[in-house]
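Comments concern the structure below.
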Amino acid sequence: MASLTGQLLIAMPQMQDPFFARSVVYLCAHGQDAGTMGFIVNRTIESFTIDKIYAQLDIAPQMSADTPQLVYFGGPVAPGQGFVLHSPDYREEGTQIIGEEFALTASFDILRAKAKGAGPRQCLLALGYSGWAPGQLESEIKANGWLLAPADSELVFHAPDDSKWRRALAKIGISPENLSGDTGFA
């Protein structure tokens with residue numbers, strides 16, 4: 001299977017895992033030998049904002065946002081570790097560029113830059129990540145657990161979270177009403 005880096009992973013309706021039911025995952029790394037890493041981009045951590053993280057890190061934002069920026073549940077692996085999925089206009093040592101529309105940074109410096117208004121134009125802060133061992137995700141896709149769609153920054157950074165699953169399906173011409181919860185083989 002070719003690299004899935006930069007794709008969206010869309011949970012099928014029959015996905016029973018409570019972490020991934022109706023989830024959309026941005027895949028930021030995929031390799032046959034290294035496994036897969038991504039972030040759920042449509043599930044926030046209820047009532048947890050970046051301002052609470054700033055307070056914990058003793059970072060004073062220069063200006064207050066009109067609406068609180070929520071923090072996302074990136075996945076069940078390393079839930080205490082923070083990651084920033086963002087537009088590639090911000091770079092520092094350790095930033096991983098993922099195609100033309102995305103980058104990933106996992107340092108406190110990006111949070112300090114954001115607090116000063118010098119951070120990336122678009123970003124999504126996630127705690128934890130979604131990870132699969134080598135070959136595991138490919139097996140789940142073959143078992144009809146997931147669909148793939150091309151990622152775009154509009155869907156990831158700007159679409160309302162409760163619409164991202166339907167919008168990701170629409171990108172590949174699928175209506176949720178046409179998906180069956182049953183699996184089988186022809």
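Would a scan of the stretch 62-74 turn up a residue that is assigned to a helix (DSSP H, G or I) and aromatic (F, W, Y)?
The first filter runs over the stretch 62-74 and keeps only residues assigned to a helix (DSSP H, G or I), leaving none.
No.
Please verify whether L111 is buried (at least 16 other Cβ atoms within 10 Å of the Cβ) and under 17 Å from the mean Cα position of the chain (by Cα), treating the condition exactly as stated. Let's see the steps before the verdict.
Values: buried (at least 16 other Cβ atoms within 10 Å of the Cβ): yes; under 17 Å from the mean Cα position of the chain (by Cα): no.
No, not satisfied.
What's the number of the condition P160 fails, among (1) surrounded by 10 or more Cβ atoms within 10 Å (Cβ to Cβ); (2) modelled with pLDDT of 95 or more; (3) not hydrophobic (A, V, I, L, M, F, W, C)?
(1)
Quick check: anything in the stretch 45-68 buried (at least 16 other Cβ atoms within 10 Å of the Cβ) and within 14 Å of the chain's Cα centre (by Cα)?
Yes, the stretch 45-68 contains a residue that is buried (at least 16 other Cβ atoms within 10 Å of the Cβ) and within 14 Å of the chain's Cα centre (by Cα).
Only one of (1) free of Cβ contacts under 8 Å to residues at least 24 places away in the same chain; (2) over 28 Å from K142 (Cβ atoms); (3) surrounded by fewer than 17 Cβ atoms within 10 Å (Cβ to Cβ) is not met by A21, so which one is it?
All conditions are met except number (2).
Which residues, counting only those in the stretch 101-122, are assigned to a strand (DSSP E or B) and either modelled with pLDDT under 95 or under 14 Å from M37 (Cα atoms) (or both)?
Our first condition is that a residue be assigned to a strand (DSSP E or B); within the stretch 101-122, this holds for 102-105.
Correct list: A103, L104, T105.
Condition first: farther than 26 Å from D162 by Cα and either part of a loop (DSSP other than H, G, I, E, B) or of a type in the set (A, V, I, L, M) (or both). Can you find one or more residues in the stretch 36-56 that meet it?
Yes, the conditions are met somewhere in the stretch 36-56.
Can you report the number of residues in the stretch 1-26 which are part of a loop (DSSP other than H, G, I, E, B) and either closer than 20 Å to E100 by Cα or among the aromatic types (F, W, Y) (or both)? Steps first, please.
From the stretch 1-26, those part of a loop (DSSP other than H, G, I, E, B) are 1-6, 12-23; that's our starting set.
Right, trim to either closer than 20 Å to E100 by Cα or among the aromatic types (F, W, Y) (or both) and you get 2-6, 19-20.
Number of matching residues: 7.
Going by the conditions given, is A29 of a type in the set (A, V, I, L, M, F, W, C), in a loop (DSSP other than H, G, I, E, B) and out of contact with any Pro (no Cβ under 6 Å at 6 or more places or on another chain)?
Numbers: of a type in the set (A, V, I, L, M, F, W, C): yes; in a loop (DSSP other than H, G, I, E, B): no; out of contact with any Pro (no Cβ under 6 Å at 6 or more places or on another chain): yes.
Taking the combined requirement at face value, the residue does not satisfy it.
Give all pairs with beta carbons closer than 9 Å in which a residue from the stretch 134-159 that is within 18 Å of N42 (Cβ to Cβ) and β-branched (V, I, T) meets a residue that is surrounded by fewer than 18 Cβ atoms within 10 Å (Cβ to Cβ) and at pLDDT 95 or above; count only pairs at least 6 apart in sequence or on separate chains.
V156/E101
Every residue in the stretch 90-100 that is part of a strand (DSSP E or B) and in contact (Cβ under 8 Å) with a residue 24 or more places away in the chain, please.
First, the residues of the stretch 90-100 that are part of a strand (DSSP E or B): 96-98.
The answer is Q96, I98.
Does A78 satisfy being in contact (Cβ under 8 Å) with a residue 12 or more places away in the chain, hydrophobic (A, V, I, L, M, F, W, C) and closer than 12 Å to F39 by Cβ? Walk me through it before giving the result.
Working: in contact (Cβ under 8 Å) with a residue 12 or more places away in the chain: yes; hydrophobic (A, V, I, L, M, F, W, C): yes; closer than 12 Å to F39 by Cβ: yes.
Yes, satisfied.
Residues checked against (1) under 15 Å from G131 (Cβ atoms); (2) in contact with a helix residue (DSSP H, G or I) (Cβ under 9 Å, 6 or more places away or on another chain); (3) at pLDDT below 95; (4) of a type in the set (D, E, K, R):
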{"residue": "Q16", "(1), (2), (3), (4)": "no, no, yes, no"}
{"residue": "C28", "(1), (2), (3), (4)": "yes, no, no, no"}
{"residue": "N42", "(1), (2), (3), (4)": "no, yes, no, no"}
{"residue": "T49", "(1), (2), (3), (4)": "no, no, yes, no"}
{"residue": "Y54", "(1), (2), (3), (4)": "no, yes, yes, no"}
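The values are calculated or read from the model by the stated rules, or taken from the named source; none is laboratory data. Everything numeric here is computed off the predicted structure, so don't read it as measured data. Positions of Cβ are backbone-derived with ideal geometry, glycine not excepted, and every protein chain shown enters the neighbour counts.
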